[in-house]
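Please find one structure pasted underneath; my questions will follow.
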Amino acid sequence: MTRLFLVLTCLHLVFGARMLRACDLALVLAVDVSGSVDIDEYRIQMDGLAAALRDGIIAEALVRGGARVAVIQWSGSGRQELSLPWVAISDFSDVDRLSNEISGLPRPWRNFATGIGEALELALAQFSAVPDCRRRLIDVSGDGFSNEGVAPGDVHPALRAAGVTVNALAIEDSEPALTDYFFEEVITGEGAFVQTAATFEEYPDAIRQKLLREVAEQTAGLPGEDLRRN
């Protein structure tokens with residue numbers, strides 16, 4: 001009887017933990033690698049993104065939410081790449097692995113235009129592989145206006161129909177009106193917002209603040225303040 005009790009208790013703990021880690025968030029991180037982004041700026045983006053994911057509050061939220069995370073690098077029309085397929089986050093080692101892989105990703109293109117609409121289309125296509133995730137989110141960052149391929153707004157109906165929210169990070173290094181453009185043309189969905197970085201040097205802090213807002217404060221209904229106390 002005691003042995004049966006121990007077996008049932010272990011099964012409860014194992015399956016209970018899996019239930020707690022049911023996927024609350026599927027997150028596609030879409031990074032601009034168009035011609036306006038030089039080598040140093042590319043490195044700032046990838047290292048800044050990796051560091052933000054390692055932030056204790058963000059990492060805990062990803063683990064608690066059983067998140068799935070994928071990475072897209074995007075440039076002009078026809079140059080959109082799924083650089084990192086879905087990574088399942090069940091513990092902090094998964095976050096470390098994800099961050100290390102992001103830091104080590106090779107850049108696929110250097111000197112091409114800006115096709116935000118096609119980046120959104122590629123990101124949207126990834127969600128069919130994670131149908132059980134409660135929230136679907138695209139986190140797109142960039143430093144310029146879409147100037148090639150399908151317009152971002154033309155993708156909005158399909159995004160809304162699939163229950164996908166698009167948030168954006170506008171790097172206004174050379175485009176001071178980019179936040180307004182992203183607000184009007186790029187973001188969509190309930191609670192969608194734009195985070196601004198005035199320069200690439202501000203990107204690491206801006207992406208951290210953005211992830212705190214969209215992951216730590218919204219995933220699994222866990223307020224950032226609660227995470228700080230735990």
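Starting from the stretch 76-156, pick out the trypsin sites (Lys or Arg not before Pro) whose DSSP state is loop and whose Cβ has at most 14 other Cβ atoms within 10 Å.
On the way: sites: Arg79, Arg97, Arg110, Arg134, Arg135, Arg136; in loops: Arg79, Arg110, Arg134.
Passing sites in the stretch 76-156 are Arg110, Arg134.
On to the next question. For the stretch 16-138, just say rounded, prolate or oblate: build the C-alpha gyration tensor, square-root its eigenvalues into a ≥ b ≥ c, call rounded for a/c under 1.5, and beyond that prolate if a/b exceeds b/c, oblate if not.
Values: a/c = 2.87, a/b = 1.55, b/c = 1.85.
Judged from the Cα gyration tensor, the stretch 16-138 comes out oblate (a/c at least 1.5, b/c at or above a/b).
Per residue of the stretch 155-162, in order, report the coupling 6.51 cos²θ - 1.76 cosθ + 1.60 (Karplus, θ = phi - 60°) as ³J(HN,Hα) in whole Hz, putting x for Gly and Pro.
Ordered by residue, 3J(HN,Hα) equals 8, 4, x, 5, 5, 5, 4, 8 Hz.
Something else: Sequence-distant or interchain residues sharing an amide H contact under 5 Å with Leu169, placed H: which?
Amide H neighbours of Leu169: Val140, Ser141, Gly142, Gln195.
Still on this structure, I have one more. Counting only protein heavy atoms, what percent of the accessible surface of the chain is carbon or sulfur at a 1.4 Å probe? Working shown, then result.
Numbers: 5680 of 10500 Å².
Summing carbon and sulfur atoms, their accessible area is 54 percent of the total for the chain.
Based only on Cα atoms, what Rg/Rh ratio does the stretch 176-215 have, Rh being taken as Kirkwood's radius? Intermediate results must be reported in sequence, preceding the final value.
On the way: Rg = 10.6 Å, Rh = 10.9 Å.
Ratio of gyration radius to Kirkwood radius: 0.98.
Taking square-rooted eigenvalues a ≥ b ≥ c of the alpha carbon gyration tensor, is the stretch 108-174 rounded, prolate or oblate, where a/c under 1.5 means rounded and, failing that, a/b exceeding b/c means prolate?
Working: a/c = 1.94, a/b = 1.83, b/c = 1.06.
Prolate, since a/c reaches 1.5 and a/b exceeds b/c.
Could you derive backbone 3J(HN,Hα) for the stretch 38-48 from the dihedral phi with the Karplus parameters 6.51, -1.76 and 1.60 (θ = phi - 60°), listing whole Hz in sequence and x where the residue is Gly or Pro?
7, 4, 5, 5, 4, 5, 4, 5, 5, 5, x
Starting at the first residue of the stretch 50-61, write each ³J(HN,Hα) from the Karplus equation 6.51 cos²θ - 1.76 cosθ + 1.60 with θ = phi - 60°, in whole Hz, x for Gly and Pro.
With the stated coefficients, the stretch 50-61 comes to 4, 5, 5, 5, 7, 3, x, 5, 5, 4, 5, 5 Hz.
Amide H to amide H, which residues 5 or more places from Ile72 or on other chains are under 5 Å from it, using H placed in the peptide plane?
Under 5 Å from the amide H of Ile72 lie the amide H atoms of Leu29, Ala30, Val31, Ser83, each far enough along the sequence or on another chain.
Just the number, please: Stokes-Einstein D of the stretch 46-92 in µm²/s, Kirkwood Rh from C-alpha pairs, 4 °C, 1.567 mPa s. Don't skip to the answer; put the middle values down first.
Working: Rh = 11.9 Å.
Estimated diffusion coefficient is 109 µm²/s.
Please list, in chain and number order, the residues 5+ apart from Val150 or on another chain whose amide H is under 5 Å from its amide H, with Hs placed from the backbone.
Glu118
Hey, what number do you get for the chain at 222 nm if only DSSP H runs of n ≥ 4 count, each worth -39500 (n - 2.57), divided across all residues, to the nearest 500?
Working: 9 runs with 96 residues, N = 230.
About -12500 deg cm²/dmol.
Placing +1 on the Cβ of each Lys and Arg and -1 on the Cβ of each Asp and Glu in the chain, which of Gln45, Cys23, Ala198 has its Cα farthest towards the positive end of the resulting dipole?
The Cα lying farthest towards the positive end belongs to Cys23.
Taking the chain as a Gaussian network, where each spring joins two C-alpha atoms under 10 Å apart, which residue of Ala158, Ala197, Ala119 fluctuates the most?
In this elastic network of the chain, the residue with the biggest mean-square fluctuation among Ala158, Ala197, Ala119 is Ala158.
Here is a follow-up. Can you list which of the GluC sites (Glu not before Pro) found in the stretch 141-205 are DSSP loop residues with at most 10 other C-beta atoms within 10 Å? All intermediate terms of the calculation are to be shown ahead of the outcome.
On the way: sites: Glu148, Glu172, Glu184, Glu185, Glu190, Glu201, Glu202; in loops: Glu148, Glu172, Glu190.
The qualifying sites are Glu190.
Using 10 Å bins from zero, what percent of all Cα-Cα pairs in the stretch 89-230 falls into each bin?
11, 35, 40, 13, 1
How much length, in nm to one decimal, is gained on full extension between Ala177 and Glu201, taken as 0.36 nm per residue of separation minus their Cα-Cα distance?
On the way: separation 24, 0.36 × 24 = 8.64 nm, distance 1.80 nm.
So the chain would gain 6.8 nm between Ala177 and Glu201.
The values are calculated or read from the model by the stated rules, or taken from the named source; none is laboratory data. Bear in mind that the values here come from a model prediction, so they are computed numbers and not experimental data. Virtual Cβ from ideal backbone geometry, glycine too; neighbours counted across all protein chains shown. Surface areas here come from the heavy atoms of the whole protein model, side chains and all, with no ligands, DNA or RNA. Shrake-Rupley method; radii C 1.70, N 1.55, O 1.52, S 1.80 Å.
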